[in-house]
Every structure is written in structure tokens, then in C-alpha cells.
Amino acid sequence: TMAPVTRPTHPDVDMAKVLEGLAFLAVDPTVHRMCQVIGAMVSGLVVVGMLCTSDVKGRRNWLPDCKLNSCKRNWEVFSLTYGVFWITCFAIIIGGELYESFDREHYMIVCGGLATPLLLQPILLPSITGESDVPLFERYSLKANLWIFIFGFIGNYWYTHYFYNVLEAHYSMPSWDLNGVPIPMYLATHFYFCFYHVLSNLALRKAYSTFSPGAMRRLFVISLVLIMSYATAFMESLTISGFPCYGFKDRDLAYTLGSAFYGIYFIVSFPMFLRLDESPPKKWDLFTVAVEALASGMAVLMLLDIVRVYMGIDLNIRLNRPCKLNAAFTCKPFNFKTC
């Protein structure tokens, strides 16, 4: 186990680096181009929305009905509230470069510690989502966590290797791995995806409850899913760019093609996750939840592989990251030490 590396810090130095990073983004042509693309997509969505017919009986709600589906509503509110907390934690860690003093244990503690409240809430604190009187295996919070965990696990175990091959991405921080992927990433994915999928639920529910059924609403929903998927993928790529232990051979390609490639995850998962216990009194059991998550995972895997085959890129799955075999690939401050 590598001992943590410490370094002197000063608030003015950290703030200067933050301002320097913001200034870089303000003039970066790739970021500008991506913002223009997303802006154009949103403008097109607005036009489609104007052509849709409003549902006069529609509730126009973002959250589930507080009487008919209170448990799902409570879980979504909890996930959004908790999202503010973990995003703040990550902003402090990345912005303050605290990761430079992290070793394997620190990454596990941080990512595992932030995932644990979501994973254990259905069991230990069901009152948060108003499910104290609901049997454990029937709690929406448990089913939502199971769906996200299965889908996120598949994403890390399989999809990450597509990023390794197609985009030549790499993780280079010290960590214990599972199938060539740092275990903390499996844990971080859980709270990331819980947050993403609640936001998509809000937007899709708003669309379905605002417009009357028909071809135009269908077009609006499809467009909305595509835009949310691309924007979510780009924003994650942009915000994590300050973390030097996750990188790409070509950053511009990662923002443009990489966002579209990553967005494939959400093109499938956003509409699929919304269906979970969305229409009471119909409820899913845990077996159905698992099958739905596995089916979504397989759909994404097929789409990613179709893209890979189209690009003519071989798929090579390595059990060891390059920095496990060559210390020169480990990110600072662990340079010249295997990860």
C-alpha cells in the first residue's frame, strides 16, 4: 500500500487554479462548439414542443403524485437532495486537488462512503421515503437502487473497455481493480446514476403529463431523451476534466465523439428507468426489476459494439490497466509508482 503524499496548500493558490481552469473553458473552441451544438438541439426541441398539443387534463407534474405514488416521489426528492451533497464533496475534492493526497484506501473510502447512504437507506432508514410500513422487497427505494446498481455494474464491468479501446481512455490513479476497472468507479457510478436518472424522470414525466398523446409528443420525447443523454455525457466529461487521473488520448475527440458514445447509455436507460413503478397500482417485483436492468444493459452493450464494429476497432479486454504494469502511466503525485 502506498503512503499518501501530502503537499502544502494555500487558499489563494487553489482559487487561482480554479479561475485559470474557468478561463480556459471560456476560450476553449471545443467547449464552445459543444455548447453551440447542444444549444441548437435545445432550440429544435422548443420548436417541436410548440407544435405539440397541450393536454387540457394533464397534471403537468415533475414529480410523481403525492397521493398515488408517494414512495417514488419521496425517493426522487431524497436522491436530488443527496445529489447536492455529493456534488459539493466532489467539487471540493477536485477543485482543491485533495485527490493528490489520496491512496487506494482514500478512493475506496470516499466513493464507498458516498454510495453507502443510497444503498443502505431502503434497509436502515425507510422512513426517509415513507416506506417504514412497506415490506422490504416491495419498497420503491430498494427497487430503484437495485436497477441502478445492476445497470451501473454492467457499465463499469463491460462498457469501460469500449472507452479504453474506442477513445483510448485510461484511469491512472492507485486503486484495486475488478476486470481492469478501479473498484471505486463502480461505487461512484451508483450515486452519479441515481442523480442522473431522477433528473431524467422529472423531465420525461413533465413531457408526458403536459402534451396530449400523439406523433408530435412521441417526437418530442425522443428528442428530449437524445438531448438529455448527449448533454449529460458532455457535462460529466467536462466536469471531470480537472481530474488528471482520468484522461483520453484526444480530449477534443472525447468531448465530441465521446459524449455521443457515452450518451448511448442514457438513450436506453432514461426511458427504461422511468417505467419502474410509474403507473400505480401496478408495481414491479424485484425479479422484474433485475430483468429490466439486465435487458437495458444488454441493449446498451449491443449499441456500443455496433459503433465499435462500424469504426473498425478491435475490442481488447485487459485485466490490468497500463499503470499496473508500467509505473510511467500512473498520474501525479504517484508518478513512477505502479497503481
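The values are calculated or read from the model by the stated rules, or taken from the named source; none is laboratory data. Because the structure is predicted, anything quoted here is derived from the model rather than measured. Don't worry about glycine lacking a Cβ; one is built from the backbone with ideal geometry, like all the others, and counts go over all protein chains shown. These accessible areas exclude ligands, DNA and RNA; they are computed on the full protein's heavy atoms, side chains included. Shrake-Rupley method; radii C 1.70, N 1.55, O 1.52, S 1.80 Å.
Observations on the model:
- Qualifying residue in the range 235-247 (condition: in contact with a helix residue (DSSP H, G or I) (Cβ under 6 Å, 6 or more places away or on another chain), in contact (Cβ under 8 Å) with a residue 60 or more places away in the chain, hydrophobic (A, V, I, L, M, F, W, C) and surrounded by 17 or more Cβ atoms within 10 Å (Cβ to Cβ)): no
- Restricting the range 50-96 to residues that are among the aromatic types (F, W, Y) and open to solvent by 90 Å² or more (accessible area, probe 1.4 Å), the residue that is nearest to the chain's Cα centre (by Cα) is F85.
- Leading residue by the ranking (surrounded by the fewest Cβ atoms within 10 Å (Cβ to Cβ)) among those in the range 300-339 that are more than 15 Å from Y162 (Cα to Cα), in contact with a Phe, Trp or Tyr (Cβ under 6 Å, 6 or more places away or on another chain) and in contact (Cβ under 8 Å) with a residue 60 or more places away in the chain: P322
- Qualifying residue in the range 209-231 (condition: open to solvent by 20 Å² or more (accessible area, probe 1.4 Å) and touching a strand residue (DSSP E or B) at 6+ places or on another chain (Cβ under 6 Å)): yes
- Checking each residue in the range 128-165 for being of a type in the set (S, T, N, Q) and either open to solvent by 50 Å² or more (accessible area, probe 1.4 Å) or not in a helix (DSSP H, G or I) (or both) picks out only S132.
- Per-region count, the range 277-291, residues of a type in the set (S, T, Y) and assigned to a helix (DSSP H, G or I): 1
- Residue check, C89 part of a helix (DSSP H, G or I), modelled with pLDDT of 90 or more and of a type in the set (A, V, I, L, M, F, W, C): yes
- Single condition F334 does not satisfy, out of (1) closer than 17 Å to A169 by Cα; (2) modelled with pLDDT under 90: (1)
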